[in-house]
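I have placed the structure first, in the form of structure tokens, so that the comments after it can refer back to it.
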Amino acid sequence: MARYREAVCRLCRREGIELYLKGDRCFTDKCAIKRRGYPPGQHGQRRPKHSDYGVQLREKQKAKRIYGVLEKQFRNYFEKAERMKGKTGDNLLMLLERRLDSVVYKLGFTPTRRESRQVVRHGHFAVNGKKVNIPSFLVRAGDVIELCEKSRKIPNLNESLDAVVRKGIPAWLELNREEFRGVVKVLPVRADIQEPIQEQLIVELYSK
């Protein structure tokens, strides 16, 4: 599968906000957007002029980059959200939040979604007792996400769990630090999603 392999700090600068794609580095003075708060490239320091379409496109690109999905997959999520009951924009964000790599990140097992995708892909997690290595796996209410026994001594995972207090755990999830286990208490609703995304702009873009 194709994936972005370039410097992720450029993505934050392009969107003009901190996307927290590099974990703890984003909280220090080394953060690229704090040092150079303008888009990358030779014309980055020019004053941008965005049309309505440009604003909608940037919002879509921002959502894709926050959740680490590419265009085709993002479009599939949107089409699925359209078929669901309720607001399409809310449904879209709720589907993205339910991805296994996103849940692993929210539980604090890793400092970034990018690392969550990697550890899930390498088979370090089980859902309801069965190993799952698909980052896009959608969790359901009542699902138990557990770090496999052989993976519990990995230093990076333990360090991230110890630092989870700063990030906090969403109300719809529950973490048992001692047992390396998380539970999906309920499915997330729009109020539970704190990502800086204006989903209505994405709906307007795809509705053209």
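Tally time: how many residues in segment 68-93 are open to solvent by less than 50 Å² (accessible area, probe 1.4 Å), within 14 Å of Gln200 (Cα to Cα) and not charged (D, E, K, R)?
7
Looking at segment 175-202, which of the residues that are under 16 Å from Arg99 (Cα atoms) and open to solvent by 70 Å² or more (accessible area, probe 1.4 Å) is modelled with the lowest pLDDT?
In this case the residue turns out to be Gln194.
Of all the residues that make up segment 108-134, how many are more than 15 Å from Tyr67 (Cα to Cα) and open to solvent by less than 30 Å² (accessible area, probe 1.4 Å)?
Going through segment 108-134 one residue at a time, the tally reaches 8.
Starting from segment 187-203, take each residue that is in a loop (DSSP other than H, G, I, E, B) and list its partners that are at pLDDT below 90 and exposed (fewer than 15 other Cβ atoms within 10 Å of the Cβ), counting only C-beta distances under 8 angstrom and pairs at least six apart or across chains.
The qualifying pairs are Pro196/Ile17.
What residue, among those in segment 114-163 that are part of a strand (DSSP E or B) and of a type outside the set (D, E, K, R), is nearest to Arg177 (Cα to Cα)?
Applying the filter and picking the extreme gives Leu147.
What do you reckon, is Leu57 surrounded by 22 or more Cβ atoms within 10 Å (Cβ to Cβ) and modelled with pLDDT of 90 or more?
Judged against the criteria, Leu57 is not a match.
Name the pairs: first residue in segment 125-143 and closer than 16 Å to Leu187 by Cβ and touching a residue at least 40 places away in the same chain (Cβ under 8 Å), second residue in a loop (DSSP other than H, G, I, E, B) and open to solvent by 60 Å² or more (accessible area, probe 1.4 Å), Cβ to Cβ under 7 Å, at least 6 apart or on different chains?
Note: pairs meeting the criteria are Ala141/Val186; Ala141/Leu187; Asp143/Asn128.
Can you find a residue that is over 30 Å from Ile169 (Cβ atoms), at pLDDT below 90 and of a type in the set (Phe, Trp, Tyr) anywhere in segment 38-52?
yes
The values are calculated or read from the model by the stated rules, or taken from the named source; none is laboratory data. Computed from a predicted structure; not experimentally measured. All Cβ positions, glycine included, derive from the backbone under ideal geometry; neighbour counts span all protein chains shown. Side chains included, ligands, DNA and RNA excluded: accessible areas come from the protein's heavy atoms. Shrake-Rupley method; radii C 1.70, N 1.55, O 1.52, S 1.80 Å.
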